[in-house]
Amino acid sequence: MRIIETPPDWPVDEAAARALQDELRGRVVRDEPGPPPGTGHVTGLDVAYDDERDLVAAAAVVLDAATLEVVEEATAVGRVSFPYVPGLLAFREVPTVLAALEALSVEPGLLVCDGYGRAHPRRFGLASHLGVLTGLPSMGVAKNPFTFTYEQPGPARGDFSELVADDEEGREVVGRALRTRHGVKPVFVSAGHRVGLDTACAHALRLSPRYRIPETTRRADALCRAALKEALGGRI
DNA sequence: GCGACAG
DNA sequence: ATCTTGTCGC
């Protein structure tokens, strides 16, 4: 498998990355409700790393939103394009994720990212970033509350509470802590591009009929790990 | 200055 | 994210 090149103009330091976020954040569309849950395609995105060998494997798994059956899968392997810095996660994953998306032959529909969208120090997380670059509706489902605060939601599946940011951008509801399984730790949902928070949560719930983590993310997670293994070629 | 901090 | 065995529970 060919290794995806990091674009030559990719940000080389934190200052450049933040500047690009500030430029792109103005392009996020926030006044569209988003695709109706249960219709069209939903695409799970995730990546796995091998920092030792400087490799990142990305997976895009397209599901039928109504049945959650796999429509198509694609992977890509690239170089790690940025160190992990909280708030700049996108710069680590975007080139390789875009390559995986471009390898698809069907329309991705709604992008479901493993991380945040609007819930971000500058309101421009991974999901927002990917949405703006592709023009596709996007949302984030994260496993941890990051720096945000929230009240414990009720115990029932579907119960939720506000995810609140209180930072340089002001105090604001940036997402929701959503219970996808009874009595289990909630997931943290935020809108990315061209999707509202209500719709994003409805999708997150539909995509998680059995486990805490949405099927989109679970499928993409398994696939990118397999792709990384294959890229490493057994020789360890 | 120190600690916390999506993946 | 990743390093890692067994183990408790449905």
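The values are calculated or read from the model by the stated rules, or taken from the named source; none is laboratory data. Here the structure is a predicted model, which means the values were calculated and not measured. Ideal geometry is used to build each Cβ from the backbone, glycine not excepted, and the neighbour counts take in all protein chains shown.
Cβ-Cβ distances below 7 Å connect the following pairs, each with a first residue in region A:1-28 that is closer than 16 Å to A:Ser81 by Cβ and modelled with pLDDT under 95, a second residue that is hydrophobic (A, V, I, L, M, F, W, C) and part of a helix (DSSP H, G or I), and a separation of six or more residues or different chains: A:Ile4/A:Ala99. Residues that are more than 16 Å from the chain's Cα centre (by Cα) and closer than 30 Å to A:Ile3 by Cα within region A:28-58 comprise A:Asp50, A:Asp51, A:Glu52, A:Arg53, A:Asp54, A:Leu55, listed in sequence order. Residues in region A:126-149 that are buried (at least 24 other Cβ atoms within 10 Å of the Cβ), among the aliphatic types (A, V, I, L, M) and in contact with a helix residue (DSSP H, G or I) (Cβ under 6 Å, 6 or more places away or on another chain): A:Leu126, A:Met139, A:Val141. When region A:183-211 is filtered for residues that are within 13 Å of DNA strand C (Cβ to nearest atom) and within 14 Å of the chain's Cα centre (by Cα), the ones remaining, listed by number, are A:Val187, A:Phe188. Within region A:12-50, being surrounded by fewer than 18 Cβ atoms within 10 Å (Cβ to Cβ) and assigned to a loop (DSSP other than H, G, I, E, B) holds for A:Val12, A:Asp13, A:Val29, A:Arg30, A:Asp31, A:Glu32, A:Pro33, A:Pro36, A:Gly38, A:Thr39, A:Gly40. Of all residues in region A:181-231, which are among the hydroxyl-bearing types (Ser, Thr, Tyr), within 18 Å of A:Lys143 (Cβ to Cβ) and touching a Gly at 6+ places or on another chain (Cβ under 7 Å)? Those that are among the hydroxyl-bearing types (Ser, Thr, Tyr), within 18 Å of A:Lys143 (Cβ to Cβ) and touching a Gly at 6+ places or on another chain (Cβ under 7 Å): A:Ser190, A:Thr216, A:Thr217.
Of the residues making up region A:39-50, those that are touching a strand residue (DSSP E or B) at 6+ places or on another chain (Cβ under 7 Å) and within 16 Å of DNA strand C (Cβ to nearest atom) are A:Gly44, A:Leu45, A:Asp46, A:Val47, A:Ala48, A:Tyr49.
One line per residue, one yes/no per condition, for (1) closer than 17 Å to A:Ala202 by Cα; (2) at pLDDT 95 or above:
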position: A:Pro37; (1), (2): yes, yes
position: A:Asp54; (1), (2): no, no
position: A:Gly125; (1), (2): no, yes
position: A:Gly131; (1), (2): no, yes
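For region A:212-227, a residue qualifies if it is within 10 Å of A:Val112 (Cβ to Cβ), aliphatic (A, V, I, L, M) and within 11 Å of DNA strand C (Cβ to nearest atom), but none of them does.
When each of A:Arg92, A:Arg123 is tested for being closer than 26 Å to A:Arg176 by Cβ and either β-branched (Val, Ile, Thr) or crowded, with 21+ Cβ neighbours inside 10 Å (or both), the lone residue that passes is A:Arg123. The residues of region A:134-166 that are within 20 Å of A:Phe124 (Cβ to Cβ) and among the aromatic types (Phe, Trp, Tyr), listed by number, are A:Phe146, A:Phe148.
Where helices (runs of 4 or more DSSP H) fall wholly inside region A:126-234, the ranges with 1 or more residues that are among the hydroxyl-bearing types (Ser, Thr, Tyr) and within 13 Å of DNA strand B (Cβ to nearest atom) are A:126-134, A:215-232.
Could you please find all residues in region A:51-86 being in a loop (DSSP other than H, G, I, E, B) and away from DNA strand C (no atom under 15 Å from the Cβ)? Residues satisfying the conditions are A:Ala65, A:Ala66, A:Thr67, A:Leu68, A:Glu69.
Under the condition of being in contact (Cβ under 8 Å) with a residue 60 or more places away in the chain, away from DNA strand B (no atom under 11 Å from the Cβ) and out of contact with any Cys (no Cβ under 7 Å at 6 or more places or on another chain), the residues counted in region A:72-122 number 17.
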